[in-house]
1. Could you list, in sequence order, the residues of region 26-71 that are over 30 Å from LYS113 (Cα atoms) and in contact with a Leu (Cβ under 8 Å, 6 or more places away or on another chain)?
2. Which pairs do you get when a residue that is within 13 Å of PHE498 (Cβ to Cβ), found in region 457-478, comes within reach of a residue that is of a type in the set (Gly, Ala, Ser), reach meaning Cβ atoms under 8 angstrom, with the pair 6+ apart or on two chains?
3. Where residues in region 495-523 are polar (S, T, N, Q) and buried (at least 16 other Cβ atoms within 10 Å of the Cβ), which of them is nearest to ASP299 (Cα to Cα)?
4. Checking the condition more than 21 Å from ILE125 (Cα to Cα), modelled with pLDDT of 80 or more and under 38 Å from the mean Cα position of the chain (by Cα), which residue from GLU17, GLU52 passes?
5. Considering only region 57-67, I want to know if a residue exists there that is buried (at least 19 other Cβ atoms within 10 Å of the Cβ) and more than 44 Å from the chain's Cα centre (by Cα).
6. Filter region 273-317 for residues that are among the small types (Gly, Ala, Ser) and either within 11 Å of the chain's Cα centre (by Cα) or not in a helix (DSSP H, G or I) (or both) and give the result.
7. With GLY204, GLY197 as the choices, which residue is out of contact with any strand residue (DSSP E or B) (no Cβ under 7 Å at 6 or more places or on another chain) and of a type in the set (Gly, Ala, Ser)?
8. Might you let me know whether region 255-262 holds any residue that is at pLDDT below 90, in the same structural domain as ILE185 (by TED's automatic domain parsing) and in contact with a strand residue (DSSP E or B) (Cβ under 9 Å, 6 or more places away or on another chain)?
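The values are calculated or read from the model by the stated rules, or taken from the named source; none is laboratory data. Here the structure is a predicted model, which means the values were calculated and not measured. Heads up, the Cβs are rebuilt from the backbone with ideal geometry, glycines too, and the neighbour counts pull from every protein chain shown.
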Amino acid sequence: MTCLDKDDTSFDDVLLEIKARWGDDRCVPMVLPTSDGKAVDILNCPNDQIPEELKDRVKAIKDHLIELAAETDDSLMEKYFEGEELTADEFSEGLRKSVHDAHLIPVFATSVKADMGVKETMDSISRLFPSPHDYPVKCAEGNLISAEEDQPFSGQVWRCSNDAFIGQMTFVRIYSGVLKPGMEIYNSTKNQKEKVGTILYVDGKKTTEAEEAKAGDIVALTKLKHTYLNDSLCAVGSDIKFDPIVFPSPVTAYAVEPKNKADADKIGMALHRATDEDPSTRLDHNTETHELVLWGMGDMHLEVTLEHIKNRSNVEMTHHTPKVAYKETITGSGEGHYKHKKQSGGRGQFGECYIRIRPKAEDNPEWFLNKIVGGAIPGSFVPACEKGFLEGLGKGPLVGSPVINVQVELYDGSYHDVDSSEVAFKIAGARALHEAIEKSSPVLLEPIMSVKVVVPDQFMGDISGLLNTKRGRILGMGQDEGLQSIHADVPQAEMFKFCSELRSITSGQGSFEMEFARYEQVPAHLASKVIEEAKALKEE
């Protein structure tokens with residue numbers, strides 16, 4: 001529990017909320033704030049240094065902790081009921097087991113900015129939290145990995161970063177054995193050997209070289225050549241692989257562009273570097289909207305990422321809400337015809353196409369049908385017509401978006417022995433298709449996202465109402481680890497601001513994830529607005 005230096009923060013109020021969420025008996029404060037802005041470590045503070053205002057409360061908490069520790073072992077419980085005091089080791093081990101079994105959830109009062117309770121919190125974590133021996137890890141094959149030092153080394157890469165002075169840093173969580181500088185290790189994911197150079201413990205901007213690292217340590221290795229995020233590392237001669245870490249899918253997007261022309265050449269490298277280091281971000285180059293889209297976990301996450309890029313790479317960017325990647329299709333059938341004839345001295349250009357188009361099922365691969373008979377168009381020119389159709393499908397008549405789910409039938413045409421060429425038939429095919437689409441009741445399609453929102457019970461009504469205002473269709477509701485989940489289909493155009501709206505309504509207690517589901521027709525009143533905006537943009 002942090003930010004206790006803020007004026008409107010109440011430790012006791014927040015503690016009550018935590019207890020209501022996780023259980024009154026399980027959630028126990030281990031570090032308490034004092035009225036003069038200091039912190040009291042419940043387990044380690046001498047009685048004479050406990051403020052008078054907290055003595056009764058500290059005693060009650062200690063009595064409860066003794067009871068929790070005794071409950072972890074029958075012999076300790078018997079000792080407790082007989083009125084005997086637990087030894088320091090019994091008390092400490094009992095609390096560690098209680099935390100391990102989730103019977104005790106420690107709550108710490110801290111303020112990093114005011115340096116209040118930080119040391120006490122770290123000391124308590126060291127004393128109470130389970131060690132690697134308490135949580136055996138399984139490899140991808142399901143075999144237990146022992147954390148003992150005499151076992152072969154194994155570990156997994158969970159982060160990569162590039163330091164201006166050190167270079168490439170690969171962060172590894174060690175699961176077994178011992179890692180030392182100069183060792184040769186095996187990347188079982190890439191089937192490559194690596195040579196360990198320097199092993200570093202990283203504390204903020206400070207790094208300390210280590211002579212060795214053991215199970216439970218998180219260290220940074222320098223200058224590895226073949227190793228990246230989620231790779232498994234092990235001793236040479238072993239072949240231990242770990243399941244890849246599943247990172248949350250980004251849900252908020254900014255379309256970014258350089259603030260000035262001088263940064264245009266550097267923006268791509270800076271963005272790729274940032275996304276390589278943070279797996280919860282993603283960079284897309286949307287070829288349909290011609291935008292660079294940076295995805296993250298929220299507005300604050302993206303703002304911090306852009307600020308980090310500015311400070312490290314000296315690249316400034318502006319951002320705006322991304323454009324929606326609309327598509328177009330047809331709801332009826334139609335015919336098109338175009339004769340391309342051009343004479344400008346010397347050899348001319350001639351090509352003529354007659355086509356029919358109709359809606360096509362999405363899973364039907366046959367989008368082009370060649371129905372030419374009698375040599376109306378020579379077979380050597382049919383591929384040129386097909387190229388023209390593909391070109392025409394790439395830019396629809398409504399907003400210039402790609403046209404999908406259309407079957408094109410070429411059934412007639414004409415040619416000239418001298419003037420016909422591939423270019424002429426390509427142009428004729430594209431123009432004929434454009435005419436046919438306009439006669440086939442074209443409509444605008446928008447991407448629909450499958451959304452799952454998880455919120456506490458009290459926000460269900462507000463979030464359901466918010467999704468309804470966003471043209472969402474609620475598909476179901478259910479329980480999700482003590483919270484309520486809502487499953488809905490929502491147009492992507494309505495989801496760009498949902499992250500900040502959800503955070504505002506739920507005070508940061510709600511979360512959501514989404515993925516592309518399909519394309520659906522845009523309602524007529526909204527489609528006309530989108531089409532008008534596209535025409536106005538084209539005229540500028």
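1. Taking region 26-71 first, the residues over 30 Å from LYS113 (Cα atoms) are 63-64, 66-71.
If the condition is that a residue be over 30 Å from LYS113 (Cα atoms) and in contact with a Leu (Cβ under 8 Å, 6 or more places away or on another chain), then ILE66, LEU68, ALA69, ALA70 are the ones that fit.
2. Short answer, once both residue conditions are applied: ILE463/GLY510; LEU467/ALA488; GLY472/ALA488.
3. So the first thing to find is which residues in region 495-523 are polar (S, T, N, Q), and the list is 500, 504, 506-507, 509, 511, 521.
Next, only the ones that are buried (at least 16 other Cβ atoms within 10 Å of the Cβ) stay: 506, 509, 511.
Values: THR506: 16, GLN509: 16, SER511: 13 Å.
That would be SER511.
4. Details: GLU52 fails: under 38 Å from the mean Cα position of the chain (by Cα).
That would be GLU17, the only listed residue that is more than 21 Å from ILE125 (Cα to Cα), modelled with pLDDT of 80 or more and under 38 Å from the mean Cα position of the chain (by Cα).
5. First, the residues of region 57-67 that are buried (at least 19 other Cβ atoms within 10 Å of the Cβ): 58, 65.
Right, trim to more than 44 Å from the chain's Cα centre (by Cα) and you get none.
No, every residue in region 57-67 fails to be buried (at least 19 other Cβ atoms within 10 Å of the Cβ) and more than 44 Å from the chain's Cα centre (by Cα).
6. The first filter runs over region 273-317 and keeps only residues among the small types (Gly, Ala, Ser), leaving 274, 280, 296, 298, 313.
Matches in region 273-317: SER280, GLY296, GLY298.
7. GLY204
8. No, region 255-262 contains no residue that is at pLDDT below 90, in the same structural domain as ILE185 (by TED's automatic domain parsing) and in contact with a strand residue (DSSP E or B) (Cβ under 9 Å, 6 or more places away or on another chain).
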